[in-house]
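To start, the structure under review is shown below, and the notes come after it.
The values are calculated or read from the model by the stated rules, or taken from the named source; none is laboratory data. Bear in mind the structure is a predicted one, so any value in this text is a computation, not a measurement. Ideal geometry is used to build each Cβ from the backbone, glycine not excepted, and the neighbour counts take in all protein chains shown. Surface areas here come from the heavy atoms of the whole protein model, side chains and all, with no ligands, DNA or RNA. Shrake-Rupley method; radii C 1.70, N 1.55, O 1.52, S 1.80 Å.
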Amino acid sequence: MNPQLRVLIALQDILLLLRDARDPGQKRVLGKMGLKINKLETLESTKADLERQLSPSILSQYRRAIQRHGRIVAPVIKSVCCQCFVRIPSAIDSAEDRNTSLYRCENCGMYLYWVDK
Amino acid sequence: MKLSEIIIPKRINLNLKSTTKDGVLEELVKLLNLDTHARETVLRTLLAREELGSTGIGKGVAIPHCRSLVVSKVAVAVGRSKAGVSFKSIDKKKAFLFVLIVAPPVGDPPGDYLIALGTVAQGARLLTKDKRFKKIRDIRQFMKLIKELEE
Ligand SMILES: [Zn+2]
């Protein structure tokens, strides 16, 4: 696994967790199940720690992408980019180094992560 | 959606060995049979989720859960600890039954994920309330009891 991709994926999971935790509708549903959500500040510091692990150029791409799309990495499932639903060229889709090198979707610019490789 | 429909027998461990919360999470994630990187990612996200508040919902049940980019469909794993594990649960009592749910990031609001969580929370509490739960010896008996309680 590419180390920068690893950090980006971890960050995206944390961002999603933060978004879910801040959603009043979800909070209400979870509360009824006995699940309380608080201490969001711990998560903010985990996020900051991860951001510090990104190279300056990827960090600025990350900030732009998050602002624009809310995410920076798109999963590839069945050869399709799950952000824009465009098919990944087969030379890339079958490359030996997918997930170990950084690839971006030629259509939407998301970094790509092949799920269930 | 029924609990018996989302639980796969090969993802059940009725003899969890861990005595700590982190250890239980590790054992549960192992049942999902992910590659090393995906396993580490899910574990880290689950630990981050626990920092927001324990997923121990009381009555001996914990439902650790998260959404992660590294899975393509909702994955569920079940663990039972005979001795029980302190999970910082809402009722401050030990948890004996653990149902892990990991869902992909798709869906906003994440309907299927929340429905799965609700199904699990309800079904798991029924299980731990039943006197037969602690006596279950194998996965076949476990699945049979779930189905019985669902009827
Ligand atoms: Zn794309």
For the protein assembly as shown, percent of DSSP beta bridges that are antiparallel (nearest 5) comes out at 50 percent
Within chain B, what percent of beta bridges assigned by DSSP are antiparallel, to the nearest 5? 55 percent
Region B:17-151, accessible surface, carbon-and-sulfur percent (1.4 angstrom probe): 53 percent
Relative contact order of chain B: what whole-number percent is it, with Cα pairs under 8 angstrom and at least 6 residues apart? 27 percent
Can you classify the protein assembly as shown as rounded, prolate or oblate using the Cα gyration tensor, where a ≥ b ≥ c are the square roots of its eigenvalues, rounded means a/c under 1.5, and otherwise it's prolate if a/b beats b/c and oblate if not? prolate
With solvent modelled as a 1.4 Å probe, how much accessible area in total do chains B and A shield from it at their shared surface, in Å² to the nearest 100? 2700 Å²
Where a ≥ b ≥ c are root eigenvalues of the Cα gyration tensor, a/c under 1.5 meaning rounded, otherwise prolate if a/b exceeds b/c and oblate otherwise, region B:71-111 counts as oblate
Keeping all protein chains in place, calculate the accessible area per residue for region B:89-151 (probe 1.4 angstrom), answer in Å². 58 Å²
Interface residues, region B:41-61 - accessible area loss of 20 Å² or more versus chain alone, probe 1.4 Å: B:T41, B:R44, B:T45, B:A48, B:R49, B:E51, B:L52, B:I57
For the protein assembly as shown, with only Lys/Arg (+1) and Asp/Glu (-1) charged at the beta-carbon, what is the dipole magnitude about the Cα centre, in debye rounded to 20? 1140 debye
I'd like the isolated cysteines in chain A, meaning no second cysteine's beta-carbon lies under 4.7 angstrom from theirs. A:C82
The answer for region A:3-114, accessible area per residue at 1.4 Å probe in Å², is 53 Å²
Leaving out ligands, DNA and RNA, and with a 1.4 Å probe, what % of the accessible surface on chain A is carbon or sulfur? 51 percent
Starting from the Cα gyration tensor of chain A, multiply each eigenvalue by 5, take the square root, and state the resulting semi-axes largest first in whole Å. 29, 17, 12
HN-Hα J in Hz across region A:45-58 - Karplus 6.51, -1.76, 1.60, θ = phi - 60°, x for Gly and Pro: 6, 4, 4, 5, 4, 5, 4, 5, 8, 8, 5, x, 6, 5
Entries in A:K36/B:K129; A:K39/B:K144; A:K47/B:K134; A:K78/B:K21; A:K47/B:K135; A:K78/B:K82 that, when Cα-Cα distance is taken, lie over 32 Å: A:K39/B:K144; A:K47/B:K134; A:K78/B:K21; A:K47/B:K135; A:K78/B:K82
